[in-house]
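A short write-up of the structure that comes next.
The values are calculated or read from the model by the stated rules, or taken from the named source; none is laboratory data. Keep in mind that what you see is a predicted model, and the values were worked out from it rather than measured. Backbone-built Cβ (ideal geometry, glycine too); neighbour counts: all protein chains shown. These area figures cover heavy atoms from the full protein model, side chains too; ligands, DNA and RNA do not enter into them. Shrake-Rupley method; radii C 1.70, N 1.55, O 1.52, S 1.80 Å.
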Amino acid sequence: MDKQQYITSAFDIIRAKNLATPFNLDPGSKVPDLEKYLNSLKSAYLNSIDPRIEKLFHDKIEALKAL
């Protein structure tokens, strides 16, 4: 699965959860707009070159899927 396919399937799962905004990811970290947050994650993940940065954003997406 390439990055774009991963983003599409992961975001479908996240959107299906119907998370009420705003919601807290971690203590002190509040997401006021889910779509804006997903768009920023998508952009950062798709444009990352360094594998460490790519893993960081992958982990953030996985954390949303686990909510």
Review point. Taking a probe of 1.4 Å, how large is the accessible area per residue of the chain, in Å²?
Key: 67
Check your understanding: Per-residue ellipticity at 222 nm for the chain, helices alone: DSSP H runs ≥ 4 residues times -39500 (n - 2.57), over residue total, nearest 500 deg cm²/dmol?
Key -> -21500 deg cm²/dmol
Point to revise | Dipole moment magnitude, nearest 20 debye, the chain about Cα centre, only Lys, Arg, Asp, Glu C-beta charged | key: 80
**Study point:** Portion, in percent, of the accessible area of the stretch 3-66 that falls on carbon or sulfur, probe 1.4 Å
**Key:** 55
Practice item. Could you work out the mean projected area of the convex hull around the alpha carbons of the chain, in square nanometres to one decimal? Key: 4.5
Review point. Largest first, what is the accessible-area ranking of Arg52, Arg15 with a 1.4 Å probe?
Key: Arg52, Arg15
Revision key, fill the gap. Scalar couplings 3J(HN,Hα) for the stretch 39-47 by Karplus 6.51 cos²θ - 1.76 cosθ + 1.60 (θ = phi - 60°), nearest whole Hz, x for Gly and Pro, are 5, 5, 5, 4, 4, 5, 5, 5, 9
